[in-house]
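Engineer: Quick one: this structure, given as structure tokens, is what I'll be asking you about.
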Amino acid sequence: MIVHYGYRDGSGEYFISVDTDKCNSCGKCVEVCPQHVLEMITMLIDLEDKLVAAVTEEHRKKIKYSCAPCKPEKKPPCVIACQQEALVHTWKPVKP
Amino acid sequence: MSKEYWRWPEYRRTVPGKDWTKAGVITAGVDIGSVSSKVAIMTDGELYAYSIMRTGSSSPDSAQKAMNWALEGTGMKLDNIRYVVGTGYGRVNVPFANRAITEIACHARGANYMWGPSVRTVLDMGGQDCKAIHCDDKGKVTAFLMNDKCAAGTGRGMEVFADLLSVPIQDVGSMSLSVEKEPEPVSSTCVVFAKSEAVGLLRKGWPREMVLAAFCSAMAHRISELLEKVKVEKDFVITGGIAKNIGVVSRLENIIGIKALPRKEEFDPMIAGSIGAALFAKALYEKEAKPA
């Protein structure tokens, strides 16, 4: 399952998408995030509890600001840390 | 006291012609949303009874009240229910639940039960957020996106407008469609600003149905933006309270160019999450009962 955390508003489109099938519960992305945007949560997948990466409730509505320090690099630390390629950033600010 | 135009009907229902005492396993799903609380009781994986009521300030109390109401008149007791799954915004505050599951999984599973395996996209328009969910033929979620950034595209926003214009909330949709010419949608995406914009339109002499049309249209446009990230694939269904608002649903269908499957007579679109939770309850009960 792909979980899109984030939003689209007048200022652009900002998402962190987690592929919970690819995520191997290692938690490396959580460790490397300087803004503490990510956390590991338990999800019920195929009737089994699995630990997967997620964006914290606190940051979901403001990732445009929370993730800004790691931009404009194409690959932020969380994406580099994930060997499973389970994390994808979508970053499309509207050009003024 | 002035009339409460925002107040939607709370009710309970028992599916006719069923005898719960003959059921093998009874499970329940409790969906505590930000605006409404729903309980579905299922016998052997088939809907038996449900209740829909307003969520109060306390989630545990709301869960208890909605459960008591669903049980009312059936002769069934809470003890007869083998497994209870809590879901929704207040899912961790359901005192009698065996476990909690996020509402995303429950909505997809519930929609799969209500409309069948052809459902691929579920749009849940709830009280305070809006979710777009992709699922497979088993009702398993393949992708999802939640918008809880503001109340403009949600049930609570609609309640505010019903109150502002003194139109009973059930009539908002049909009334908004009675306009001869479709107005421009209100430009504000925030419900607070949209409200002041609506007051301005009323002062300019706009009739109520025009203002409602402008608001329903704005809500439909906002939701269509959400659906750009998670594309709509057929079959498409809408759950949650706004599914009952034809003014938003028909405008949304026009924008995205895809029609949603019609509502099912026997199921209220608000109970999809609680049905899904009750089905998960059955699956989890059977899994835990099996010797490892």
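The values are calculated or read from the model by the stated rules, or taken from the named source; none is laboratory data. The shown structure was predicted, so the numbers you read here are calculated from the model rather than taken from an experiment. Virtual Cβ from ideal backbone geometry, glycine too; neighbours counted across all protein chains shown.
Engineer: Please work out which one of (1) touching a residue at least 12 places away in the same chain (Cβ under 8 Å); (2) more than 30 Å from B:Ser51 (Cα to Cα) is the condition B:Lys234 fails and give its number.
Structural biologist: (2)
Engineer: While we're looking at this one, here's another question. What residue, of A:Val3, A:Val37, A:Val32, A:Val79, is out of contact with any Lys or Arg (no Cβ under 8 Å at 6 or more places or on another chain) and closer than 30 Å to B:Lys287 by Cα?
Structural biologist: Selected residue: A:Val3, the only one of A:Val3, A:Val37, A:Val32, A:Val79 that is out of contact with any Lys or Arg (no Cβ under 8 Å at 6 or more places or on another chain) and closer than 30 Å to B:Lys287 by Cα.
Engineer: Out of the residues in the range B:19-42 that are surrounded by fewer than 16 Cβ atoms within 10 Å (Cβ to Cβ) and of a type outside the set (Asp, Glu), which is nearest to B:Tyr83 (Cα to Cα)?
Structural biologist: B:Gly24
Engineer: Quick one: which strands (runs of 3 or more DSSP E) sit completely within the range B:1-47 and have at least 1 residues that are closer than 22 Å to B:Glu288 by Cβ?
Structural biologist: Output list reads B:26-32, B:36-43.
Engineer: Taking the range A:51-60 on its own, how many of its residues are among the hydroxyl-bearing types (Ser, Thr, Tyr) and assigned to a strand (DSSP E or B)?
Structural biologist: Step one: of the range A:51-60, the residues among the hydroxyl-bearing types (Ser, Thr, Tyr) are A:56.
Adding the requirement that they be assigned to a strand (DSSP E or B) leaves none.
Matching residues across the range A:51-60 total 0.
Engineer: Looking only at the range A:21-38, count every residue that is closer than 28 Å to B:Lys231 by Cβ, within 12 Å of the chain's Cα centre (by Cα) and surrounded by fewer than 19 Cβ atoms within 10 Å (Cβ to Cβ) and tell me the total.
Structural biologist: 0
Engineer: All but one of (1) crowded, with 23+ Cβ neighbours inside 10 Å; (2) more than 10 Å from every other protein chain (Cβ to nearest Cβ) hold for B:Leu165, so report the exception by its number.
Structural biologist: (1)
Engineer: Restricting attention to the range A:7-28, and to residues there that are at pLDDT 90 or above and more than 11 Å from chain B (Cβ to nearest Cβ), which single residue is nearest to B:His221 (Cα to Cα)?
Structural biologist: Among those residues, the one meeting the criterion is A:Ile16.
Engineer: Additional query: Output the number of residues of the range B:45-75 satisfying the condition of being among the acidic types (Asp, Glu) and either surrounded by 14 or more Cβ atoms within 10 Å (Cβ to Cβ) or free of Cβ contacts under 8 Å to residues at least 40 places away in the same chain (or both).
Structural biologist: Going through the range B:45-75 one residue at a time, the tally reaches 2.
Engineer: I would also like to ask the following. Please find, among A:Glu31, A:Glu58, A:Glu39, A:Glu73, the residue that is of a type outside the set (Val, Ile, Thr) and within 13 Å of chain B (Cβ to nearest Cβ).
Structural biologist: Result of the check over A:Glu31, A:Glu58, A:Glu39, A:Glu73: A:Glu58.
Engineer: Quick one: A:Lys64 ticks every box in (1) in contact with a helix residue (DSSP H, G or I) (Cβ under 9 Å, 6 or more places away or on another chain); (2) under 24 Å from B:Asn147 (Cα atoms); (3) in contact (Cβ under 8 Å) with a residue 24 or more places away in the chain bar one, so which box is it?
Structural biologist: (1)
Engineer: Then there is this: In the range B:92-176, which strands (runs of 3 or more DSSP E) lie fully inside it and hold 2 or more residues that are within 17 Å of B:Pro269 (Cα to Cα) and not aliphatic (A, V, I, L, M)?
Structural biologist: Output list reads B:121-125, B:130-135.
Engineer: I'd like the residue in the range B:224-269 that is touching a Pro at 6+ places or on another chain (Cβ under 7 Å) and assigned to a helix (DSSP H, G or I) and, out of all such residues, is farthest from the other protein chains (Cβ to nearest Cβ).
Structural biologist: The extreme case among them is B:Lys244.
Engineer: B:Ala289 - would you say it is within 14 Å of another protein chain (Cβ to nearest Cβ) and at negative phi?
Structural biologist: Considered against the rule, which asks whether it is within 14 Å of another protein chain (Cβ to nearest Cβ) and at negative phi, B:Ala289 comes out as yes.
Engineer: Among the residues of the range A:45-80 satisfying the criterion of being within 14 Å of the chain's Cα centre (by Cα) and of a type in the set (Val, Ile, Thr), which is nearest to B:Lys140 (Cα to Cα)?
Structural biologist: Among them, the one singled out is A:Val52.
Engineer: Only one of B:Lys282, B:Lys231, B:Lys204, B:Lys287 is of a type in the set (Lys, Arg), surrounded by 19 or more Cβ atoms within 10 Å (Cβ to Cβ) and over 19 Å from the mean Cα position of the chain (by Cα). Can you tell me which?
Structural biologist: Values: B:Lys231 fails: surrounded by 19 or more Cβ atoms within 10 Å (Cβ to Cβ); B:Lys204 fails: surrounded by 19 or more Cβ atoms within 10 Å (Cβ to Cβ); B:Lys287 fails: surrounded by 19 or more Cβ atoms within 10 Å (Cβ to Cβ).
Result of the check over B:Lys282, B:Lys231, B:Lys204, B:Lys287: B:Lys282.
Engineer: Is one or more of the residues making up the range B:81-97 of a type outside the set (Val, Ile, Thr), within 14 Å of chain A (Cβ to nearest Cβ), in contact (Cβ under 8 Å) with a residue 40 or more places away in the chain and more than 17 Å from B:Ala278 (Cβ to Cβ)?
Structural biologist: yes
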